[in-house]
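Presented below is the structure to which this report refers.
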Amino acid sequence: MSLTNDVKSLALELGADLVGVAPIERFEGAPEFYHPQGLLPQTKSVISIAIRHLHGLLVPQKNWVENFPYQTYGYGWLSHIRLNSVAFEVSRFLEDQGYITCPYPSFCQGAGAAISNRHVAVAAGVAKFGWHNLAMTPKFGSKQRYVTVLTTAELEADPMIEDELCDFEECFKCVDACPADAISRDEAVTFEIAGQPVRMAKLDKGKCGTCHGGRGEGFKRIESRIHVTFTGGGHCGMCLIHCPKGTYAPR
């Protein structure tokens, strides 16, 4: 087996659902602060690893009953422990083969993060951006989270996804589901990743962050405020939960 296959097999054995590789060249033109070589200058390959959400965790959250299952297993455990553990073991394997490797934490996201795990997933052929600003996959739709591994190993690159996975002009379930009206229905943001055009909604990050953090301002429904804020961190997830895409559909 090739080193690339060994890496992917290990990640899958450790619990990953999806794995992809991007060559460092796909990040040309990325803002300096967000470029992988800003963290590890010798980076030659960037690995994206994803683990799906359990659909059962999403039911009580979607029905405004209880957010602890989603908050714990969909955020805390999945991001802070499960994904990071897989990334660490993959990194340790690569360093045992002689390659300097740096895992980047799954839970680091937003303006203060040096790497966007979602953008890496798109560059690595694992995902494609949807209107809601989430990175979607053909199998799981919006329902997975990501972690990133930077390495000096020259791994075999995966092709980027060409076909759109989101019904930009028709669906808008994410817009309707957002408790804070943070996702624009009409205004779009456009840019490119490795020459591939990306189009997604203009997101009011202030509203999204307020809702996600459980601070209870700007909600369009009073029950939204009560539901999302009865813990210190609301971890809303309504755009993810209401997205109908993905072929994986347990009954």
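The values are calculated or read from the model by the stated rules, or taken from the named source; none is laboratory data. On a predicted model such as this, the values are computed, not experimentally measured, just so you know. Positions of Cβ are generated from backbone atoms using ideal geometry, with glycine treated the same way; all protein chains shown enter the neighbour counts.
Considering only region 15-24, I want to know if a residue exists there that is loosely packed, with under 14 Cβ neighbours inside 10 Å and charged (D, E, K, R). No, the conditions are met nowhere in region 15-24. Among the residues of region 148-170, some residue qualifies, meaning at least one is under 21 Å from residue 5 (Cβ atoms), within 12 Å of the chain's Cα centre (by Cα) and outside any loop (DSSP other than H, G, I, E, B).
Give just the number: which of (1) at pLDDT 90 or above; (2) touching a strand residue (DSSP E or B) at 6+ places or on another chain (Cβ under 8 Å); (3) not hydroxyl-bearing (Ser, Thr, Tyr) does residue 81 not satisfy? The number of the failed condition is (2). Just one of (1) touching a Gly at 6+ places or on another chain (Cβ under 9 Å); (2) modelled with pLDDT of 95 or more; (3) over 23 Å from residue 40 (Cα atoms) fails for residue 168. It is (2). A residue that is more than 10 Å from the chain's Cα centre (by Cα) and at pLDDT below 95 can be found somewhere in region 115-127.
Specify which of the listed residues (43, 101, 72) is surrounded by fewer than 23 Cβ atoms within 10 Å (Cβ to Cβ), in contact with a strand residue (DSSP E or B) (Cβ under 6 Å, 6 or more places away or on another chain) and either of a type outside the set (Phe, Trp, Tyr) or modelled with pLDDT under 90 (or both). Break it down stepwise before answering.
Working: 101 fails: surrounded by fewer than 23 Cβ atoms within 10 Å (Cβ to Cβ); 72 fails: in contact with a strand residue (DSSP E or B) (Cβ under 6 Å, 6 or more places away or on another chain).
That would be 43, the only listed residue that is surrounded by fewer than 23 Cβ atoms within 10 Å (Cβ to Cβ), in contact with a strand residue (DSSP E or B) (Cβ under 6 Å, 6 or more places away or on another chain) and either of a type outside the set (Phe, Trp, Tyr) or modelled with pLDDT under 90 (or both).
From the list 128, 207, which one is over 30 Å from residue 101 (Cβ atoms), surrounded by 16 or more Cβ atoms within 10 Å (Cβ to Cβ) and of a type outside the set (A, V, I, L, M, F, W, C)?
On the way: 128 fails: over 30 Å from residue 101 (Cβ atoms).
Of the residues listed, the single one that is over 30 Å from residue 101 (Cβ atoms), surrounded by 16 or more Cβ atoms within 10 Å (Cβ to Cβ) and of a type outside the set (A, V, I, L, M, F, W, C) is 207.
Taking (1) surrounded by fewer than 16 Cβ atoms within 10 Å (Cβ to Cβ); (2) under 30 Å from residue 72 (Cβ atoms); (3) in contact (Cβ under 8 Å) with a residue 60 or more places away in the chain; (4) in contact with a strand residue (DSSP E or B) (Cβ under 8 Å, 6 or more places away or on another chain) in turn, residue 29 satisfies each apart from (2). Look at (1) closer than 28 Å to residue 139 by Cβ; (2) modelled with pLDDT under 90; (3) buried (at least 17 other Cβ atoms within 10 Å of the Cβ) and you find that residue 177 fails only one, number (2). Can you pull out every residue in region 10-26 that is out of contact with any strand residue (DSSP E or B) (no Cβ under 8 Å at 6 or more places or on another chain) and either among the β-branched types (Val, Ile, Thr) or farther than 15 Å from residue 157 by Cα (or both)? Listed by number, the residues that qualify are 10, 13, 14. Contact map, region 124-135: residues that are in a loop (DSSP other than H, G, I, E, B) paired with residues that are among the hydroxyl-bearing types (Ser, Thr, Tyr), Cβ distance under 6 Å, separation 6+ or inter-chain. Pairs shown: 124/48; 126/48; 127/137; 134/142.
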